[in-house]
Amino acid sequence: MSGSLYSWGQYPDKPQSGHPSNWRDDLPDLLGQVSRAHGTTLPYGNGRSYGDSCLASSDHVLCMRGLDRFIEADWETGTVCAEAGITLAEILAIAIPQGWFLAVTPGTQFVTLGGAIANDVHGKNHHVRGTFGKHVLSFALLREGQAIVCSTSSNSQLYSATIGGLGLTGIISWACIQLIPIRASQINSAVVRFSNLAEFFSLSAELDHQHEYSVAWIDCLAKGRDTGRGVFIVGDHAQFGTLEVGSRSKLSVPFTPPLSLINHLSLQAFNQAYWHVHPGTPKRVRGNYEPFFYPLDRILHWNRVYGRRGFQQYQCVIPDDVADVAMREVLEAIADAGHGSFLAVLKRCGDIQSPGLLSFPLPGASLALDFPQKQGLEKLFLRLDHIVHEAGGRLYPAKDAHMSGSHFRRAYPAWEQLEALRDPSLNSHFWKRVTE
Ligand SMILES: Cc1cc2nc3c(=O)[nH]c(=O)nc-3n(C[C@H](O)[C@H](O)[C@H](O)COP(=O)(O)OP(=O)(O)OC[C@H]3O[C@@H](n4cnc5c(N)ncnc54)[C@H](O)[C@@H]3O)c2cc1C
């Protein structure tokens, strides 16, 4: 047993005891033993969820990282089957030299295949590919002592409930996914800064449909007519180049300082400099895929800079028809409070329906940013929640450690279907908080 696992935000302070699983054949016994001894448990991937959705309500999790083997790959069709504890980085390391890439990737490659399915993660190409779950062909689910193979045509109810099912329907032991073909591992991107939120929406309307990837970084402290200013980035897989797996050397934050290193002054200086350094007319950049998709992966354990109290990420999505007005209110509230992170990520989500019951994205604008855990944060979150809720939007469970049960249940009406299909031996702090 390994002790003291946390979520990425290191908040809430609920250390988890980890029970390692190394062999698929041993999983049924392990699940039985841990749930009998502690009431319930929960699969734990690589702990890249920020809040409490990857924390077992019993504080005893099943660690899935030991299940990291490839099962089979077909390089003619670009399908890969692997154990659920493999990371997306490990999949890319095998797939890129063969000319294939993940159809959907989140902003870190250090998540497991099982974790990516359980949160139905999305990336910079949501507007053209939808969520990760859309590219999951099949998986094996261990629940109530049985292994069940699920796909759109077989056990389809469990298939839908497990995609975005927060690890509650069973343990995914392996999964098969569809990759997309690439000719080179380089990304051709273009970067341009914009002066306010209205310019973001017009750039998004003009550019999103022309590019595979699209995202913006926002200066969350800018106020008045600068509200929502930022840097818009679009990109596409290069048509010519080499097929190289990223091998950037990694830096690391060696320990957790007692206090957060992020304060209002450092934030303001960084955000202003970042905006000014970018060009006012589009600049083309060609680079390998890692800095484009995973800029934060360069610094291992970067979450430690927030100190021992940890941090929370706030990620909401607001429907298209009110996105400009409501997003402006959200950004004004954040700038007024003077909290916030180095950079906030703003992106338009598309209308491709996920197969998942509780998938987060909806057609609209999504904003994500980090806040050091400190006094006064609850008051700001109450204000933001109110704006998001009134606008018909919702928060992302994978990032959440605070949303109220009533907001969750209204924003995710299918939660009762998930509850009906939950394996009774699995439960999380998040699920108890929002459903009981
Ligand atoms: C820097 C950074 C950038 C990010 N960017 C994005 C982004 O762009 N888009 C996005 O959508 N998310 C993003 N995330 C969030 C992250 O992608 C998700 O939280 C992801 O699900 C974490 O995967 P994990 O393997 O670490 O799983 P964990 O965080 O350990 O667990 C996540 C969920 O998966 C369940 N689970 C894990 N393994 C299994 C299994 N084998 N069977 C069943 N359930 C399982 C757990 O119970 C839990 O509910 C980002 C996170 C970080 C740290």
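The values are calculated or read from the model by the stated rules, or taken from the named source; none is laboratory data. None of these values were measured; they are calculated from a predicted model. Neighbour counts are summed over all protein chains in view; Cβ atoms, including those assigned to glycine, are modelled from backbone coordinates with ideal geometry. Surface areas here come from the heavy atoms of the whole protein model, side chains and all, with no ligands, DNA or RNA. Shrake-Rupley method; radii C 1.70, N 1.55, O 1.52, S 1.80 Å.
Before moving on, here are some points about what is shown:
- Projecting the Cα atoms of Leu207, Leu62, Trp174 onto the dipole axis of the chain, where Lys and Arg carry +1 and Asp and Glu carry -1 at the beta carbon, places Leu207 farthest toward the positive end.
- Cα point-scatterer Debye curve for region 313-372, base-10 log of I(q)/I(0) at q = 0.12, 0.14, 0.16, 0.22 Å⁻¹: -0.32, -0.42, -0.54, -0.89
- For the listed peptides 67-74, 272-279, 428-435, a ranking on the average number of other beta carbons within 10 Å per residue, highest first, reads 428-435, 67-74, 272-279.
- Cysteines of the chain lacking any other cysteine Cβ under 4.7 Å from their own Cβ: Cys54, Cys63, Cys150, Cys220, Cys316, Cys349.
- Average accessible area per residue (Å²) across region 2-63 - probe 1.4 Å, nucleic acids and ligands excluded: 41
- Residue-normalised accessible area of region 305-428, expressed per residue, 1.4 Å probe, Å²: 38
- Over 21 Å (Cα to Cα) - which of Lys14/Lys124; Lys399/Lys432; Lys14/Lys374 fall in this group: Lys14/Lys124
- Using the Cα coordinates of region 2-63, the gyration tensor eigenvalues translate into equivalent-ellipsoid semi-axes of 20, 12, 8 Å, sorted from longest to shortest.
- Over the chain, relative contact order from alpha-carbon pairs under 8 Å, at least 6 apart, %: 19
- Once the 1.4 Å probe is applied to the protein heavy atoms, region 70-182 comes out at 30 Å² accessible per residue.
- Per the Cα gyration tensor, the chain maps to an equivalent ellipsoid with semi-axes of 32, 26, 21 Å, ordered largest to smallest.
- Solvent-accessible area, 1.4 Å probe, carbon plus sulfur percent, for the chain: 52
- Springs between Cα atoms under 10 Å define the GNM used for the chain, and in it the highest mean-square fluctuation of Gly47, Gly405, Gly114 occurs at Gly405.
- Its convex hull of Cα atoms gives region 186-411 a direction-averaged projected area, equal to a quarter of the hull surface, of 13.5 nm².
- Beta bridges per DSSP with both ends in region 2-63, % antiparallel, nearest 5: 20
- Size descriptor, Kirkwood hydrodynamic radius, that averages inverse alpha-carbon separations across region 81-223, Å: 16.8
- Rounded to 5, percent antiparallel among DSSP beta bridges of the chain: 85
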